[in-house]
Amino acid sequence: MIDCPRIVIGGTESGVGKTSLTLALVAALRRRGSRVQTFKVGPDFLDPSYLAVASGRPCYNLDGWMMGRDYVEKLVARTTADADIAVIEGVMGLFDGASHDGLEGSTAEIAAWLRAPVILVADVYGMARSLAPVVKGFAAFERNVKVAGVIANRCGSVRHGIMLAETLQASRLPPLTAAIPQGALPALPERHLGLVTADARNLPQQSLEALADAFERYSALGEIVNMARSAPFLYVEALERKGLTGRARLGIAQDAAFHFYYRDVLDELEDRGCTLVPFSPVADRALPGDLDGLYLGGGYPEETAVELAANGPMLASVREFAESGRPVYAECGGLMYLCREMETVDGRRHSMAGILPAATRMHRGLQALAYVDVTLKEDSLWGLAGESVRGHEFHHSSLAANPAGVEGWRSVYRIRTLRVETAVEEGFQKGNILASYAHLHLASRPRALERFIASCGRHTSLGLDGGET
């Protein structure tokens, strides 16, 4: 059962301040003693790191397109069982998502599934009575999506906020729950993919206190909590907990270069019997001992390219592991690390692991930003030929040349992106090594997750070059 009070912070569009305002709300609630479970709509790896620091608990992604309703509901039921309130940060505008004519993949879809009231954030700089038709349109657009309140961000003055509140009241629209003056919230650091990944250094306690102070001062926090409490109980089938142990020791690259992982994927790996062993390709001199598989996630390897290239012992350790035949799975930044070299935007080239016979090049502009549906052309680490998993791509690098057909490497993915008819051949495999730019959500596909764990198992070899053994 989902009986936790819950609220969605949605925006009229991207860039209206959802992340800062959600952090401010979470910090204010936590300061009052609430156990706050946070979620982020969409396939985002960065905002969840901020929300996790602010709440002191892991933050989970909710994505209707990648995960499906059943999984989303079960995940929320499990992770809110010991929480006092759930705060869900939306993505883009409230109704923006994977579909141009429906709710799929949008913040509104998650709000409708969870029957969670929405606080609509609007940038009101230079706006007066025009806020009313904007709010009216959002509130009336979808019957199953309840806009319960409004946050006016970047108000010009206290009087401006009062005027906006009166405008909404006169039009019998959802009330103004906060009027945040321009510059009232401390700025968050940014990088080319959005926010810098959060930790205690770039989101210190004093920043959280400043965010909480601003929210307490300029919002009706009690009204927002009451709106969250208005969310009805939902009865869902709980996620089956396996509680297994000892199936595999999986090395997980986790440091400044590699940290893009969906938290629920890691939870499911552990619950299904994997011992996750973190290591740092930047700082450690060798892989941890007695590993059954490697998982190299995404991140910012280009930001530490010098350090990665200089750590020759670790590069040699990864090569030796790959040559042993044990599984190596790499996504995006992990793919870049497995290549022969990486060229950064300044034109400098840095030697990498040299496992995948290719080089990557960083660009100043985005090279891919899309949901992806990945179907296997051949048996692989996470599935059999014909099986599929959904995921996402978001990167500024590209392969200088296609490694398929070189030194026994094959392309085993057929990738389709939304609204694009032509499929792309990707997913580079040789033996038990698999590398791709796609970040896959394996946790919502139990068969895929089980296959991956089995590929790393101590007593099972999948024999990808010659059938299962």
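The values are calculated or read from the model by the stated rules, or taken from the named source; none is laboratory data. These figures come from a predicted structure and were not determined experimentally. Note that each Cβ is placed from the backbone with ideal geometry, even for glycine, and that neighbours are counted across all protein chains shown. To get the accessible areas, we keep the full protein, side chains included, count just its heavy atoms, and leave off ligands, DNA and RNA. Shrake-Rupley method; radii C 1.70, N 1.55, O 1.52, S 1.80 Å.
Here are a few things to note about the model shown:
- Among the protein heavy atoms of the chain, carbon and sulfur supply 48% of the accessible surface, probe 1.4 Å, non-protein parts ignored.
- Amide H contacts under 5 Å for Asn61: Lys40, Arg263, Asp264, restricted to partners 5 or more places along the chain or on a different chain, H placed in the peptide plane at 1.01 Å from N.
- Reference-scaled alpha-carbon Rg (2.2 N^0.38 Å with N residues) for segment 39-120: 1.03
- Rg ratio for segment 352-423: its Cα radius of gyration over 2.2 N^0.38 Å, N being its residue count, equals 1.22.
- Evaluating 6.51 cos²θ - 1.76 cosθ + 1.60 at θ = phi - 60° for every residue in segment 333-340, the Karplus couplings come out as x, x, 4, 4, 5, 6, 6, 6 Hz, glycine and proline recorded as x.
- Rel. contact order, % - alpha carbon contacts under 8 angstrom, at least six apart, the chain: 13 percent
- Prolate/oblate/rounded label for segment 317-469 (Cα gyration tensor, a/c 1.5): oblate
- Alpha-carbon centroids, segment 372-389 and segment 255-320: separation in whole Å: 24 Å
- Rounded Å value of the spacing that divides the Cα centres of segment 44-109 and segment 204-223: 22 Å
- Couplings 3J(HN,Hα) for segment 72-83, derived from phi with the Karplus relation 6.51 cos²θ - 1.76 cosθ + 1.60 (θ = phi - 60°), are 4, 4, 5, 4, 5, 4, 5, 7, 9, 4, 10, 9 Hz, where x marks Gly and Pro.
- Hull volume in cubic angstrom per residue (convex hull over the Cα atoms of segment 259-319): 81 Å³
- 5 Å-binned pair-distance histogram of segment 222-306 (Cα, whole percent): 3, 12, 17, 15, 12, 10, 8, 9, 7, 4, 1
- Across all directions, the average flat footprint of the convex hull enclosing the Cα atoms of segment 313-357 is 3.4 nm².
- Loop trypsin sites (Lys or Arg not before Pro), segment 247-296, which have at most 13 other Cβ atoms in a 10 Å radius of their Cβ (DSSP): Arg285
- Prolate/oblate/rounded label for segment 87-196 (Cα gyration tensor, a/c 1.5): oblate
- Remark on Glu13: its backbone amide H falls under 5 Å from those of Leu94, a criterion applied only to residues 5 or more positions apart or on other chains, H modelled at 1.01 Å from N.
- Its relative contact order, with pairs defined as Cα atoms under 8 Å and 6+ residues apart, puts segment 217-364 at 20 percent.
- Accessible area per residue, Å², segment 317-469 with all protein chains present, probe 1.4 Å: 42 Å²
- Helix-only arithmetic for the chain: the sum of -39500 (n - 2.57) across DSSP H runs with n ≥ 4, divided by the residue total, places the mean residue ellipticity at 222 nm at -8500 deg cm²/dmol.
- Quotient of the Cα radius of gyration of segment 296-402 and 2.2 N^0.38 Å, N being its number of residues: 1.12.
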